[in-house]
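Written below as structure tokens is the structure these notes are about.
The values are calculated or read from the model by the stated rules, or taken from the named source; none is laboratory data. Everything quoted here is computed from the prediction, not taken from an experiment. Glycine also receives a Cβ, built like all others from the backbone with ideal geometry; neighbour counts cover every protein chain displayed. Remember, those area values only see protein heavy atoms, side chains included, never the ligands or the DNA or RNA. Shrake-Rupley method; radii C 1.70, N 1.55, O 1.52, S 1.80 Å.
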Amino acid sequence: MQLKQQEESGGVALGTTPVGVAKASPLAKKVAFSDISGPTYVTGQLLVQQTAYKLSDKIFSFSPETFDLDTAVKEWSQAEEKNIHGETTTVLPLQTRIGAGALALGYIFSKDFDLSKRHIPQSLLAPSLSLRHLRTALDQLSLLYGVSSPFVAHIAAADYSAHDGLVAEYESALQLAEDLGLGLVSSSSAYEAQHMSLFATLLATLLPSIHIYDGLRTARETVRVVDALSGSSIADIYKKISQQAASLNKRLDTAGKVVELLRSFNDEIGTSYAPFEYHGHEEADVVLVVFGSTESQLAKQVVSTLAAEGKKVGAVNVRIYRPFVEEAFLAVLPESVKQIAVLGQVRDVVSVEDASVQSALYSDVLTAVSFADRWSNEPTVVDIKYAASAVHTPSSIASIISGLSSKNAESEVSFSLSSLEEVQQYTFWDVDNSVAVEAPSALGAFLAHESSNNVYVYDVYDNLVQGGIVRTDIRSSKKSIEAPFAVEEADITYVGEEKLLKDVAILKGIKTGGKLILRLPNYKAEDVEKRIPAAVRKEIQERAVQLIILDSSSSPALEKEAQLLVQLAFVRIARPELTSEQLAKFGWATQDQTPLTELVDALRQSVIEFEVPADWAEAPVEPTTRLAQVVKPNSFVPFQKEDEEEALKLQDWQSAAKGFVFKEAYGTRNELRPDLTVKTHTIRVKENRRLTPQSYERNIFHIEFDLGDSGLTYNIGEALGIHADNDPEQVLAFIEAYGLNADELVQVPSREDANVWETRTVYQSLLQNLDILGKPPKRFFESLAEFATDEKEKKKLAFLGGKEGADEFKRLSEIETVTYVDILDQFKSAHPDFHDLARIVSPLKRREYSIASAQAVTPTSVALMIVVVDWVDTKGRTRYGHATRYLSSLAVGTAVTASVKPSVMKLPVKDTAPLIMAGLGTGLAPFRAFVQYRAMQKAQGKEIGAILLYLGSRHQREEYLYGEEWEAYLDAGVITLLGAAFSRDQPQKIYIQDRMRQTIDDIVKAYIKEEGSFYLCGPTWPVPDVTAVLEEAIAQAAQNAGTKKIEPRKEIERLKEDGRYVLEVY
């Protein structure tokens, strides 16, 4: 998913947006703060930003790049727009990571905080994907809320899944509000976003609150809000109702105060919002309970339509989830209800299928109904779970209701909203790098100029189809509508790239008798049948779709005006009554100022109404894979294609000399590995000794470096990055076999930073820059095929680089462990020049190793413990890991280039917090640093926490790594418990988890009672077993304490968030 930062404001526009930059509104116009008032084209998230900016002291933003949750507020802040308090609201963009929210907490509870601002709200803008990282901060805020400023989090329900792309995810917010006692209010549409943002800010005067809204559609669809509140209106309403909130009856509980606050809010702005809103039949048998923007809108409209037809169905939209006011919920349910179905979101499809998982909303509804004494025959409550990735439509909601009402309903019900019958609906499909990709935005703006129309524009990006495609839906209606789903029956559909017909079932979204505008460059009538897939031709004929061909090749005037061509062609078809003079009023112009009337005349040659042959209905359709019927959004911006890489240049020594002599003219810099993005240092080998016996098959060695005056510093738990060289002998052998000149110079842009150029010899490049002795990825075979002159080798390389050759590629890579050199030797006809070779061979990467020393103890050195990676390939050759071979052979005094990488392995803040550490093999390295540091503290007279060290290896005699040190630390009282598991020293294998289970009472004491931290370092395989022991310890501790039943797995997740369950596995 492309995540590039937007540089513009968030509103409506007539202009264009650069590729790779997100559009806060599909119409891409900047909206001034003062422009939001009355009838205004906006997006939901623009209204959220307006309210947050107007009412807040500071806005803490956790908006990922391209999510655009803060673009407008940042622009307004830069323009020094004033908030309700007469000051410029400060916007603080922050990163989503562990510990997120700490800055906000630090500001709110700072001893330097201006107490005169304590009543001013603080706001947070974030997607729901950030909530898991904000949990700790929100928990602390909730506990200290009595002395806090009002705090409201405006959360766009948006998360990213590698499998499903962007999803509207609510579950984490519901769970967080329940766990931490936060208020939770939802907006069901963009029309409500402003009101609910304001109400949530008022609610924050009672308790820390979350306002959540759909982050995919509601947040980003451009709509016309006819009654948008101005900044001054927001200020007046907030001031008036906040005063009323301060005088609420003190005897009311929180739920009672919330109900009274909402009543005051409704009275002030003339609305009828309720904690729970019922729609449908007055005597419904089946009631659907829903939460979420799209879900609420669709459920309301579907049940209202069905109820009008006499169906006894209803729906309850949950507006205020927390506090969950049970009395209000029960009051809206009809007396006649027999079945209550909760449409509850869970994280994924696995959770949907897992019978033990319940949706958060279901638990509240079930509790409320179970403890009510309202019915003689209590209605049944069922949990209709759906994954966050589910796409809701009127048909899907109607199908759910049909399945509840009729036991025989199995297939999906086809359902259309009557409100769309008079709506003009259009769909545009194109590749995202098309020169006409901005045409739908311009057309949306064109339609929006007609004040009698309500125009809706929404873009969806799928960067995995055809290298990146974009679908734009436009609806135009005389009345305001709520249709938060893709256009299903388009009057006109435009397709800008014919290849899309092979990947997406575009015809499924056109209504019968609709029009398809298909751009076919160099159109010939006799070729149309060849260029349109048979299945598409058949559907065009069967559904009486009118096919219109768009081809500008016949008109030079239009050939260079692709975007304008699409706009004019669309208007001619959709609005044939408009004249060119009327179109000219909208500011459409050509690049060379050619009169628009001339282009309209030329358009007649480029727009061809194609007569669909009757025999297309008989077109033979071959069985193919099922085409996608909807675009799966996986980005908010087009895929950003990389610029073409500049060709590498071979040069002589004179060229390099000029660079050194005339440094300013040539921009030359002398730096240590300038190609690397990390800061590097030169350190020297101080000690290199083998830890395992020479006769033992595994070479595990301890290597220590003298830091000298390198300036390298490191913290406990960090990793040392080693920038290793390739084997010189193998490099020279390749140079000779490939016919290269080792001393020839090559100037090449650094693969780490394209702005940095290096001039090196061919030998130096192969020794230190290119991973020529490493494993080639799939793309190398595909690239190398272009250079093959032998046809068989060309096909073989293309096969290995394609999907069909996946099994063969896997065998070569994982079993034969071939290198770039091996492949170049095998396919001799593929012989790229060196500059091409440097382009397709991956660069050498640094290898990182956990540091096995504490600089506070050994200030002038840094130590590593490493195992040499070696194996014998299928040809009997002994192969070695790149960096371990390099390091194991280094002599004392050898200079090495190194860098430091931060790590998750950190000591607890409290010295008295116990450490429970589990290390397998060389995974013990960081724990040596931990123990060294705690030993130093103990020697200084400080109190330290217990240390439980569990270590695992094969044999004690050969692999008791640093064994003497551990025994000494144990005798000195630094290590409290030493659990060594040597798996192969006895008939039955003993692993590290076995030693942990044997000492589980010690773990319960150190980990649970004394709030210690657990660390695991090493291979991934023991993680489930080791975690299972910790879960047993958690359960045992709870049982011993006689506390209520807890879920150990959830407790592990909490400990992970608190930094007390840390894994560094590989």
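To the nearest 0.05, how large is the calculated FRET efficiency for residue 795 and residue 382 if R₀ is 45 Å and r is the Cβ-Cβ distance? E(calc), rounded to 0.05, equals 0.20. Loop-located chymotrypsin sites (Phe, Trp or Tyr not before Pro) in segment 319-391 (DSSP state not H, G, I, E or B) with no more than 13 neighbouring Cβ atoms inside 10 Å: 371.
A Förster distance of 22 Å, applied to the separation of the beta-carbon atoms of residue 842 and residue 806, puts the FRET efficiency at 0.70. Potential lengthening of the chain between residue 252 and residue 226 amounts to 5.7 nm, from the contour at 0.36 nm per residue minus the alpha-carbon distance.
When 1005, 74 are compared by accessible area of protein heavy atoms, the largest-first order is 1005, 74, using a 1.4 Å probe. Each of residue 244 and residue 880 was given a label point 7 Å from its Cα along the Cα-to-Cβ line. The distance between the two points is 8.0 nm. On the basis of the beta-carbon distance and an R0 of 41 Å, residue 695 and residue 1056 show a calculated FRET efficiency of 0.45. Looking at segment 214-308, the GluC sites (Glu not before Pro) that sit in a DSSP loop and have at most 13 other Cβ atoms within 10 Å of their own Cβ are 282, 283.
Heavy-atom surface analysis with a 1.4 Å probe gives segment 784-892 a carbon and sulfur content of 52 percent of its accessible area.
Computed from label points 7 Å out along Cα-Cβ, the spacing between residue 82 and residue 114 is 1.4 nm.
Judged by the gyration tensor of its Cα atoms, with axes a ≥ b ≥ c, segment 165-295 is rounded; a/c sits under the 1.5 cut.
Label sites at residue 272 and residue 964, each approximated as a point 7 angstrom past Cα along Cα to Cβ, lie 8.6 nm apart. Counting only protein heavy atoms and a 1.4 Å probe, segment 856-929 has 40 square angstrom of accessible area per residue.
Between residue 534 and residue 331, full extension at 0.36 nm per residue minus the direct alpha carbon distance yields a gain of 67.4 nm. If you sort the three axes of the alpha carbon gyration tensor as a ≥ b ≥ c, you get a/c of 1.5 or more for segment 199-251 and a/b no higher than b/c, which makes it oblate. Spatially, segment 564-578 and segment 510-524 are offset by 14 Å when compared through their Cα centroids. Extension gain, residue 889 to residue 263: 0.36 nm times the residue separation minus the Cα-Cα distance gives 217.6 nm. Averaging the Cα positions of each part gives two centres, and for segment 684-710 and segment 954-1017 these lie 24 Å apart. Can you classify the chain as rounded, prolate or oblate using the Cα gyration tensor, where a ≥ b ≥ c are the square roots of its eigenvalues, rounded means a/c under 1.5, and otherwise it's prolate if a/b beats b/c and oblate if not? It is oblate, given that a/c is not under 1.5 and a/b is not larger than b/c.
Put simply, when 394-402, 51-59 are sorted by average Cβ atoms within 10 angstrom per residue, most first, you get 51-59, 394-402. Residues whose amide H lies under 5 Å from that of residue 879, counting only those 5 or more places away or on a different chain, are 871, 872, 873; hydrogens are built 1.01 Å from N in the peptide plane.
Quick check: Cα centre of segment 408-482 to Cα centre of segment 330-367, how many Å? Computed from Cα coordinates, the inter-centre distance equals 32 Å.
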